[in-house]
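Everything on this sheet refers to the single structure shown next.
The values are calculated or read from the model by the stated rules, or taken from the named source; none is laboratory data. None of the values given here were measured: they were computed from a predicted structure. No Cβ is skipped: glycine too gets one built from the backbone with ideal geometry, and neighbour counts run over all protein chains shown. Ligands, DNA and RNA are excluded from the accessible area calculation, which covers all protein heavy atoms including side chains. Shrake-Rupley method; radii C 1.70, N 1.55, O 1.52, S 1.80 Å.
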Amino acid sequence: MRTIFRIIFNGSPAYFIWVIFLLACIIQGLLAYAGQFTEGLIVTHMRDSVSWGFYIGNFTFLVGVAASAVMLVIPAYVYNWKPIKEVVIFGELLAVSAIIMCLLFVLVDMGHPERLWHMIPFIGRLNFPSSLLAWDALVLNAYLAVNTFVVVYLLWSAYKGEHYNTRIVIPLVILSIPLAVGIHTVTAFLYNGMASRPYWNSAILAPRFLASALCSGPAVLLILFQVLRRITSFEIKDDAIHKVAELMAYAMGFNLFLFGAEIFKEYYSNTHHVVHYEYLFFGLHGEPSPIAWYAWTSLVFSVVAFLLFVVPATRRNFFTMNLGAVMIYFSVYIEKGIALIIPGYTPDTLGQIYAYTPSITEIRVAAGIFGIGFLIFTLLVRIGIFLLFEKDNLVREDSALENKVGVVRPGEDQL
Amino acid sequence: MNTPENKQSEKVNRRDAIKTLFTLAAAYTATGCKRDADALRSFFQTNFREMSPEQLASTVERWERRYEKRFDREVKVSTTPPQEDVLFGYALDVSRCIGCRRCVYACVEENNQSRDPQIHWIQVLEMDKAKGIDLMHADAYYDAEEVPQEDKFYFPVQCQQCENPPCVKSCPVGATWKEPDGIVVIDYDWCVGCRCCVTACPYGARHFNWTKPSLPVNQLNPDTEYLGNRPRPQGVVEKCTFCLQRARKGRYPACVEVCPVGARKFGNLLDPKGEIRYILENHRIYILKEELNTQPKFFYYFSI
Ligand code: SF4
Ligand code: SF4
């Protein structure tokens, strides 16, 4: 316990500025939420026409980030590809923080958060299996539980200097792969299953979700790895970073392909349903749409980033690679946060147009939740790095890596 | 510290602590602080469908107390059960509707909708005669003083009481369901306000209380139903119930009564000699978004 406190309360000025910044975000977010809690969701710009907005958009984006930890787990465990294995635990830490943010975004979107217990199976009345939100709640919590357990267990064994028990860790890590696919698929189905909204009622929605998630989450990790290896003794090989970037290039290519397929179907068949894409990229009835600007930015960013990642020379150059990672992050953030939800509701089911953009309260509350998520992530990463790499300086660094991070490695014979 | 006896006593202590907590809570509930006790009971209140008759009675009483305090007059909350062999159906004559919106306002008064912000369970859409029934060219915000316009016709939409309701399917907590007489109802005390149902409904029929609904005391309709028109809290969803509080007592919904041109018809679909059956058998019927297989019990027809 004492050590943990020491890690949290010791650090460079930059670390403290960062933490104070996050705390400030959290406090202003709480204040904004207090206003929303008493006044009601009227302080958001959501209305009956557009009844989910920025909160659920962020939720959807973060489900993707959380799910993408699997992108690192699959190559590490299934192909037993060594350089990536060292970084898997950070993917899992990211997943845990992202899921916590997801759950918070759902919570702040509810009209009656204090009735949340109605969703607990047996105590409340969970409408399983027919409601997709019920499914989502179950898989998200299961994913959170599995990842939290693995992370805590690994760190705990590292703390005690013991070797972890493969028979506990491996099955759970393997289980987290289908769960990661599950949280994303179920979240996609939440939209996908709504026959009332033709914009979402398309069979390639779930694959599109997966493809874009496999870009955005690793984009966060790419940047993070570079920061980590600069400011800590944690070593990450260039090779690992470039491999992740390469996988992202394929995912982005696939994502663009699926998007193109969707655009083809809508515009070639040119049914009534094309209005939603019209609203997204242009506007309706001569009124320009307030979100068209975002949609085009997202599209341009994803194409440019795809090119940067697919050409080996720019992928291996750290400047262009980082540029690409930032572009991918923003592109997917817009795609999930704005371009997925809003056009689905505009025009609404009776053909009426309500031009939604988030209110100040929504942005403030969202900033607060990101503050909480980043704070959790920062602290977990610090604790993780300390326990895994810095705790025990007597052992040669190489073998420390083997014993401690390699913790997550499956016995080769078991796979 | 970790001897078995210690563990045992720890366990006992914990159990005692929990017991004390419950006793305290119970005592608190039983004593004078009625308001807080009511709040506590409301928090733990279970789903309407799981309540025993006694629980239901005390819940209804609690609500009546609460409304009386808020509105300073007697408010009746009933829980009229559905009648046997009744399946309610509605028919609307598009060729007669003049778009005067009187049904909209009668509904607001009968069903205690919020006056500010306004909630309307019925939307009347103005459409071009040249384009036919086309939602993409419909206007919900036309001026009702200037009706009917020569080249337009009017198309009211409200909850269609679907036989296969996507709203019910989507609700994560089972706060909304279809009653045996076909009416889709909402338990306002169980709804968590997630708005899945608002998204799932293809008819824009569900409305969320984005803030505390305002209902002036002198405009309250005190004759209410638990699953129908009783005043709603902030943060829950509401919608048309075919005036459950009237229909289950053999009366017409308010919109049917008020319509000046008789465009609205209502009755029991299971009664072979009823008016609704006559209309279904003798007129051209239009079902809104039939392709979605929601199977509405709300039928549009054309008498001329
Ligand atoms: S019209 Fe909408 S609210 Fe009414 S039953 Fe059908 S889906 Fe549900
Ligand atoms: S808003 Fe209420 S009734 Fe609608 S799905 Fe959510 S909990 Fe159910």
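Structure notes:
- For the range A:10-48 versus the range B:99-166, the gap between their alpha-carbon centres in whole angstrom: 40
- Alpha-carbon geometry of the range B:169-217: the Rg and the Dmax are 12.0, 36 Å, given in that order.
- Hydrodynamic analysis of the range A:123-209 uses the Kirkwood radius over alpha carbon pairs. Inserted into Stokes-Einstein at 37 °C and 0.692 mPa s, it gives a translational diffusion coefficient of 220 µm²/s.
- Of the listed residues B:Thr46, A:Thr187, the order by accessible area with a 1.4 Å probe, largest first, is B:Thr46, A:Thr187.
- Stokes-Einstein D for the range A:240-387, Kirkwood Rh over Cα pairs, 37 °C, 0.692 mPa s (µm²/s): 185
- Partners for B:Lys131 among aspartates and glutamates (Cα-Cα distance below 12 Å; same-chain residues under 8 apart left out): B:Asp151
- In nm, spacing of pseudo-spin labels at A:Trp156 and A:Lys265 (7 Å Cα→C-beta vector): 4.6
- Restraint check, B:Lys129/B:Lys289; B:Lys69/B:Lys212; B:Lys69/B:Lys297, Cα-Cα greater than 28 Å: B:Lys69/B:Lys297
- Radius of gyration over Kirkwood radius for the range A:1-72, both on Cα atoms: the Rg/Rh ratio is 1.13.
- On Cα atoms only, tilt of A:54-67 relative to the major axis of chain A in degrees: 40
- Largest first, the residues B:Arg73, B:Arg62, A:Arg6 sort by 1.4 Å accessible area into A:Arg6, B:Arg73, B:Arg62.
- Note on exposure: B:Lys212, B:Lys178 ranked by accessible area (1.4 Å probe, complete protein assembly) read B:Lys212, B:Lys178, with the most exposed listed first.
- Remark: the range A:6-12, residue by residue, has Karplus-estimated 3J(HN,Hα) of 4, 5, 6, 9, 10, x, 6 Hz, where x stands for each Gly or Pro and the curve is 6.51 cos²θ - 1.76 cosθ + 1.60 at θ = phi - 60°.
- Spin-label model, A:Leu31/A:Ala313: points 7 Å from Cα along the beta carbon direction are separated by 5.2 nm.
- Average other protein chain Cβ within 10 Å of Cβ, residues A:185-197: 3
- Solvent-accessible area of the protein assembly as shown (1.4 angstrom probe, protein heavy atoms only): carbon and sulfur portion equals 63 percent.
- If R0 equals 22 Å, the separation of the Cβ atoms of A:Phe21 and A:Leu107 corresponds to a calculated FRET efficiency of about 0.40.
- The residues packed around B:Ala144, meaning those with a beta-carbon under 11 Å from its beta-carbon, carry a net charge of -2 if Lys and Arg are +1 and Asp and Glu are -1.
- Antiparallel bridges, percent of DSSP beta bridges restricted to chain B (to nearest 5): 75
- Accessible surface, per residue, of the range A:1-405 when the full set of protein chains is kept, probe 1.4 Å, Å²: 41
- Considering all different alpha carbon pairs of the range B:139-256, the Kirkwood hydrodynamic radius works out to 15.8 Å.
- Take every DSSP beta bridge whose two residues both sit in the protein assembly as shown; close to 75 percent of them are antiparallel.
- Normalised by residue number, the volume inside the convex hull of the Cα atoms of the range B:129-179 is 138 Å³ per residue.
- Within the range B:45-140, GluC sites (Glu not before Pro) in DSSP loop having at most 12 other beta-carbon neighbours inside 10 Å: B:Glu74, B:Glu84
- For the protein assembly as shown, the orientation-averaged shadow of the C-alpha convex hull comes to 37.5 nm² (one quarter of the hull surface).
- Ratio Rg/Rh, restricted to the range A:263-347 and using Cα atoms, in which Rh is the Kirkwood radius: 1.10
- Number of Lys-Lys pairs in the range A:1-405 with C-alpha atoms under 13 Å apart and a separation of 8 or more places or on different chains: 8.
- FRET E, pair A:Ile174, B:Leu56, Förster distance 41 Å, beta-carbon r, rounded to 0.05: 0.25
- The range B:92-164: trypsin sites (Lys or Arg not before Pro) in DSSP coil with no more than 13 other Cβ atoms inside 10 Å: B:Lys129, B:Lys131
- A:Val303-A:His272 pseudo-label distance in nm [points 7 Å out on the Cα-to-Cβ vector]: 3.2
- Heavy-atom accessible area per residue - the range B:81-303, 1.4 Å, Å²: 37
- Average beta-carbon neighbours from other chains, 10 Å sphere, peptide B:202-214: 5
- Computed over chain B, the P(r) tail beyond 26 angstrom holds 52 percent of alpha carbon pairs.
- Three-way shape label, the range B:79-228, alpha-carbon gyration tensor, a/c 1.5: prolate
- Principal axis extents of the Cα atoms in chain A, from largest to smallest and rounded to whole angstrom, are 71, 50, 44.
- Residue (of A:Phe122, A:Gly161, A:Ile338) at the positive-pole extreme of chain A, dipole from beta-carbon charges: A:Gly161
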